[in-house]
1. Any residue at all in segment 62-78 that is over 30 Å from residue 216 (Cα atoms), out of contact with any Cys (no Cβ under 8 Å at 6 or more places or on another chain) and in contact (Cβ under 8 Å) with a residue 24 or more places away in the chain?
2. Taking the residues in segment 147-200 that are out of contact with any strand residue (DSSP E or B) (no Cβ under 8 Å at 6 or more places or on another chain), outside any loop (DSSP other than H, G, I, E, B) and among the polar types (S, T, N, Q) as candidates, determine which candidate is modelled with the lowest pLDDT.
3. What are the residue pairs meeting all of these: first residue in segment 338-361, first residue in a helix (DSSP H, G or I), second residue of a type in the set (Val, Ile, Thr) and surrounded by fewer than 20 Cβ atoms within 10 Å (Cβ to Cβ), Cβ atoms under 7 Å, and 6 or more apart or on different chains?
4. Could we say that residue 156 is within 20 Å of the chain's Cα centre (by Cα) and not hydroxyl-bearing (Ser, Thr, Tyr) here?
5. Name the pairs whose Cβ atoms lie under 6 Å apart, with the first residue in segment 248-274 and under 30 Å from residue 142 (Cα atoms) and in contact (Cβ under 8 Å) with a residue 60 or more places away in the chain, the second among the aliphatic types (A, V, I, L, M) and not in a loop (DSSP other than H, G, I, E, B), and 6 or more positions between them or separate chains?
6. Checking residue 311 against (1) buried (at least 20 other Cβ atoms within 10 Å of the Cβ); (2) of a type in the set (A, V, I, L, M); (3) part of a helix (DSSP H, G or I), only one condition comes out false. Which one?
7. Show me the strands (runs of 3 or more DSSP E) found entirely inside segment 220-271 where at least 2 residues are under 17 Å from residue 306 (Cα atoms) and of a type in the set (Val, Ile, Thr).
8. For residues in segment 1-23 being more than 15 Å from residue 372 (Cα to Cα) and either more than 16 Å from the chain's Cα centre (by Cα) or among the basic types (Lys, Arg) (or both), which is surrounded by the most Cβ atoms within 10 Å (Cβ to Cβ)?
Amino acid sequence: MAHNYPFVLIHGYNNMDETFAPARRILTEAGYECYSPHIGPFTGVWDRACELYAMLKGGTVDYGLAHSQRCDHGRYGRTYDAPLFARWGEKDEVGDTVKANFIGHSFGGPTIRTLLKLLKEGDEREREATPEGQLSPLFEGGHEDWINSVTTLAAPHNGTTVLSMAGGYVYTSYFMEFSKANLNSGTTKDNADKYDLDRFGFTSDKLRLRYAPDKIRAYLRRKEDNCFYELTPSGTDRLMGDYHTYDDVYYFSIAAVCTTPILGGEAQWPTDATVERHRSSAIIMGSMHSKYYGPEWRPNDGRVPLASARAPKNEPQQDFDLGEGFSYRGPIEKGVWNIFPVEEPRDHNFYIGEEVEPEVYKQYMLDLAAFIAQTNEQ
């Protein structure tokens, strides 16, 4: 029996609610049910998963008692009285579970994997710490069949080396960026609201805040709940090293490269496909000679190395024989990362339609959606 499982599009780091709006419109106009929630652009992966659950199912965001105490921020976030997808996980008219197909761009990929792990397994630390009757359903686990497929687009499965190599620059630039947030809080400017970091003592749309450099520094130095650390290879290993695939879920991974070899293969240089603001990071990653990363980490899409975007390094994976225009050549194996052929030359932000001809992007998303929808058959 074929089901019309909705699509849920999850944006990445430093993106906003409008990031996937074009793709949502494309799929909606084509007859698909589709959602593209907004998550804080600098929110860590655990908090992202908690917020995403509440946005889709409704209710107040619960970051977990144990997690909130460990990370020193409030336990509860916003309340969503009008959930995007309230029937998710419920039974339909014939008694089947209403599932969803999740598509994540960049940091949206780890976000989906974290949500899936919590749905399946819950969290033992939260179960132990939370008084009876107060535990969020997300941390209970046992939601075995809520997600039909996970598709990642240029995701940093194993982290991105640009944050390791340019850490000082990143720290300085975002310290300056976040310093503006409290000046804008409680004003007509939406900068503060969009950051969604109220629980750390800065950025708020509700009241005017004092400049708080100590709180900004504390956030940027975190080893959890800090997307900058979580996006490094070491941070990814620490926080997601025990993740694994599940035998009842389809996994698809799409990776791109927008660089080309130079100096006899000793470095990679951005091609014309690289958007201007990604050229410097493409060069940084493409010229690495670090003993910690081999040459396979140099080809990149301007934000994520190919070695990271293909699939999580410790999870089962296979190269997937994909026909032209995403033609279906099944059978597709569940519980294994089906890795599409590398798309090149293609920039990291092609998948959100940046500097892409509208008709090209529209056809790409329609082809991808049609391909994924074929997995809805049971």
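1. no
2. 191
3. 349/275; 350/356
4. yes
5. Listed by first residue and then by second, the contacts come to 249/147; 251/150; 253/339; 254/153.
6. Among (1) buried (at least 20 other Cβ atoms within 10 Å of the Cβ); (2) of a type in the set (A, V, I, L, M); (3) part of a helix (DSSP H, G or I), the lone unmet condition for residue 311 is (3).
7. Because the criterion is at least 2 residues that are under 17 Å from residue 306 (Cα atoms) and of a type in the set (Val, Ile, Thr), the strands (runs of 3 or more DSSP E) in segment 220-271 that meet it are 259-262.
8. Once the filter is applied, the top-ranked residue is 22.
The values are calculated or read from the model by the stated rules, or taken from the named source; none is laboratory data. What you see is a predicted model; the values in this text were computed from it and never measured. Glycine gets a Cβ as well: all are built from the backbone with ideal geometry, and neighbour counts include every protein chain shown.
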